[in-house]
Each structure stands twice: as structure tokens, then as C-alpha cells.
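Taking it in order: structure first as C-alpha cells, then the write-up.
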Amino acid sequence: MKFVSRFCGLLCVSAALQAGDAPNESDFYKITTFTTPETTAMEVGSIELLPGNKMALGTRRGEIWIVSNAGDADPSKVSYKLFANGLHEVLGLAHKDDWIYATIRYEVVRMKDEDGDGRADTFETVCDKWGVSGDYHEYAIGSRFDKNGDIWVCLCLTGSFSSEAQFRGWCVRVKPDGTMLPTCSGIRSPGGVGFDADGDAYYMDNQGPWHGACTLQHLIPGTFQGHPGGNTWYDKAPNMGPRPVDPLPEAFQGDRKRGTKDNHVDPDRLVNERKRIKELVPPVVYMVHGKIGNSSSFIVCDQSDGKFGPFKKQLFIADQSHSNISRVFMEDVNGIRQGVVIPFRKGFASGLIGGRMNAEGQLFAGGSDRGWGSRGGKPFSFERLDWTGKVPFEMHEVHATADGFEITFTHPVDPKTAGDAASYGGREFIYAYREEYGGDEVDEFVPKITKAVVAKDNKSVRLTLDKLTQGNIHELHLEGVRNAEGQPLLHDVAYYTLNEIPKK
């Protein structure tokens, strides 16, 4: 989609900008790729931090490796020790009291090394109260321990549409005593589960039925996350209350790609279903398909207190298909969580699945392209992302307002370009909330940015739009904005999911 009006005021600025002035992601965040053991395909599905600056890597091949020196400046010092094998897709790891807990397809199992030889020799089932049918799609994605000592496990449906085994399509919590507590229904195909700085839990769902794009979902106990396929198990979860009503199955009518006066696509479909289904929680953020990614995976919260750069307490979301990481800022509006996703770092070697950040602000990531291709090009990888110490010129936060958005920046802006409404552009759209697989961007509208007011400290700008639509994704472009040194933004596009419009 081209926005003619957006470019009208940018031609002179674009002509003046020399190619060498454009910032590069690698100037600010450096990727280190590790050599992995030749005896295995290191398809990293999960990562956990261990005492002594070590970490555990769980793989899709059912192995757990203990890694030493991965944080060292010299990547050649990294070493690996096989801790356990013969497991079934280690897509979650946690550590407590010398035990390593692994979430695998059919259970949470814990293991430890009793004789000190570096290999696990004691294995104990912690919880296996959910079902498994043998269908390829029935992955189980597990978290580390939350503040209550629970492990959150998100269970894929059987295939994309149905639940043929108990609690498939649910999030459950495994309590410290091993009991299982059903927590949320409505899950389709989780790719990662994690926590924000306050300890709230989230998971990434992937595009498919009832999901036009991948989404960041807030795991509020007792809620319905959007896919009704697993709701058949409510009679096994008395703590959850009655089964929610199912979303209406009809697809959008009319032109799904663009609404018109004569053939209008209802832009508020999920908003309307929220009114009808009281348990339904909307996505916090849509990871816009084909632009942000196609297969979202791990969730990492920056709690390094500035050691990873200027984005403290924000979330970093990986994508398996695009081999990239995006950044999410969230806020609460009218009691509902929503936020913005901004590109962050591309160029990883394979499809990212497992990730973890240490207290030093080093983000470890790895994955695989088996089953799904990835832009990285390598069949598997284990890598580290480090901040170089240079602060990129970026949108820092994007806040919704009653009539537009307020954007803060990591550098002071040039008030002339940032205060010119012609420096900005964008559109809004939404995905059909429907039972068919995926969906087009529908009901597109190009709002007019009527005003851009720069704050006195030049660190933020308030945009006024002639239209905001509740429930829509609002795509913002800032190609014309420059910092005080005349440099463009490292990433000049943001996608805000407007579940609620502030009252003022």
C-alpha cells in the first residue's frame, strides 16, 4: 500500500539524506553466532539460566545441554556438556534447588545429576495430567517458574481446529506440589510463554483459525483467548466456571481487502464479540503478518536495568519464520492491556524458538528451520545478542490518546521535522475474527494526521488524527522525522493495537 500524502512532504528530506547516513541495526546490537557440537543438531527450543554463569539448552531433538562461557567476549571459549537425552521436544526449561525442570510434549519432568558426572541420572514426573494423541501439532510450551513457583504450560490444539486430547487448546499451571490448574482456554498454537517485569504471564499465538496474524496474548486466569476448539474441556475445569459462548462462525461479508460505503466490512467484529463473550480477552498486540513476522515464538522481558540499552522492562518477541526479534511496549487503557510493536533486530542465522536474557543484558537465542522454513537460512543455531553501548534513534514508547498518539524518542528530535504533520503517515486496518485459517487485512482506512506538537524537551511528539477506530491496528510511519543531528529513525514504522480508546 502506498500513501501518496505521506511522501509529499518528504521528497526534499529524502533527496538530501545520503545513503551512508542511514543507521544499521548492527551498529547498536551485535549478533554473535556460536559453533555447536558436531554430534547433534542444536535445534534450541528453550533456554534457562543456571548458577555459575552456565545455562541449559533444551532442543527439539529431546536433548538438554549444559553450556559454559556463552557470555564470554571470546565465543571460542563456549563449551557444551550433554546433560540428558531421550526426551520429547524440550520446549520449556526451569531451574530450582539443583533440579532442572523440562516441559516436554506430555509432561513436566524434573531431573538432576546425583553422582556429579555432569549427566542427569534421576528423573521424576512432576505433572502429566494433560492429554496427547500423537498428532504432530500437539506441542507443549512451558515457562520458567513464576513468582508463586508455578510453571505455565500452553498446550497446542490437535491440528489447527480441534482438541482431541484433554486440555489441548488450554493454558494450565503446574503448581509446586505437581497439581495441574486449568487457567485459560482459547489457545490455538502457542510459540512461546513468558512474563513481564511485574510477573504477569503472556503467550504468543500463531496465525490460523480465529487468528488473522500472530498475537501477543495476556494470560489472565479464567479468560478465553479466542479459539473455541478446546472449550469442550470446561467440564474438567470446575475452577473456570461455565463454558463461554462460542464466537459466531460467519465470515466477514463483502470485500475482505477493503471496506467501502456500498460494500462495507465491519471493522469492529472482535470488539463486538468482546461485548457478547465476557471471558474473551483481545490480543495485546497483533504481530502484523508478513511485516513483523509469520510465526511468533519466545518472549523475553528486559530486566537488565539498562544493560541491554534504553528499553527497560519492554518485551522482545522472536519470530521463527522471519529469523528476527521485535520490540513491544504495553500500557493499560480502560482496564485492558494493549500496545505497540516495532521492528528491532533481523539477521539471525535460523528460525528463533528459544530465548532468555541474563542479568548482564545478554540475550541468548536459538532455534531451527525444520518443519518451517526461515529467512536465516541455517538449519539450526545458537546465538547471542549484545548492546554495543550506542543508543539508536528510535521510538521509545507509543501511547494512545483520545485523539491520536503520543510518541517518545530515545534522542531529542529536530522540532522542525518532528513538528511537521507531513513527516508522518499511516493507515488502520484489522483482521477478520473468523474460523477460517488466517485472514486478509480488512477495512483499511487512511486517516489524516492533522497536527504534530513537539514537547518542550524535544523528546516526544503528540499526533492528532482525524479518526481512531477501536479494535483496529493503527500503522504509523515516521519517515520524515529526524533527530537533532539530522539522522533518521533506525526503525520508522510502528503498529499499535487499539483495543481501547482513552477517554481523555
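Please treat every number below as a calculation from the coordinates, not as lab data. Treat the numbers as computed from the prediction; the structure is a model and nothing was measured. In this analysis, Cβ positions are derived from the backbone assuming ideal geometry, glycine residues included, and neighbour counts consider all displayed protein chains.
Name the residues whose placed amide hydrogens come within less than 5 Å of the amide hydrogen of Leu93, ignoring near sequence neighbours (fewer than 5 apart) on the same chain.
The list, which skips near neighbours in sequence, is Ile47, Thr103.
What FRET efficiency, computed as 1/(1 + (r/R0)^6) with R0 = 35 Å and r the Cβ-Cβ distance, is obtained for Ala73 and Ile220, rounded to the nearest 0.05?
0.25
Calculate one ³J(HN,Hα) per residue across segment 491-502 by plugging θ = phi - 60° into the Karplus curve 6.51 cos²θ - 1.76 cosθ + 1.60, and present them in order as whole Hz with x for glycine and proline.
Values, residue by residue: 10, 10, 10, 9, 10, 9, 8, 9, 4, 9, 9, x Hz.
Stretch Thr179-Lys456 to full length: gain in nm at 0.36 nm per residue minus the Cα-Cα span?
94.2 nm
Can you list, largest first and rounded to whole Å, the semi-axes you get for the chain by taking the square root of 5 times each eigenvalue of its Cα gyration tensor?
Here the semi-axes work out to 38, 30, 18 Å.
Please list, in order along segment 27-37, the HN-Hα scalar couplings obtained from phi with the Karplus expression 6.51 cos²θ - 1.76 cosθ + 1.60 (θ = phi - 60°), rounded to whole Hz, x for Gly and Pro.
Once θ is set to phi - 60°, the couplings for segment 27-37 become 5, 10, 9, 9, 9, 10, 9, 8, 6, 10, x Hz.
Let me check I've understood the local charge: for Pro209, count other residues with C-beta under 13 angstrom from its C-beta, Lys and Arg +1, Asp and Glu -1. What total comes out?
Around Pro209, the surrounding residues sum to -2.
Starting from 0.36 nm per residue, how many nanometres of slack lie between Asp27 and Val391 once their C-alpha separation is accounted for? Walk me through the numbers on the way to the answer.
Details: separation 364, 0.36 × 364 = 131.04 nm, distance 0.93 nm.
Here the segment from Asp27 to Val391 would lengthen by 130.1 nm.
For segment 122-170, what are the per-bin percents of Cα-Cα distances with bins 10 Å wide, up to the bin holding the maximum?
Spelled out per bin, shortest first, that is 25, 46, 25, 3.
Under the 0.36 nm per residue contour assumption, what length would be gained going from the current alpha-carbon distance of Asp135 and Asp235 to full extension? List each step's numbers first, then the result.
Values: separation 100, 0.36 × 100 = 36.00 nm, distance 2.32 nm.
The span from Asp135 to Asp235 would gain 33.7 nm if fully extended.
Using amide H atoms built in the peptide plane, which far-off residues or other-chain residues are under 5 Å from Thr401 H to H?
So Thr401 has HN proximity to Glu406.
Run the simple label-point estimate for Trp372 and Ala359 please: 7 Å along Cα→C-beta, distance reported in nm.
Computed distance between label sites Trp372 and Ala359 equals 3.4 nm.
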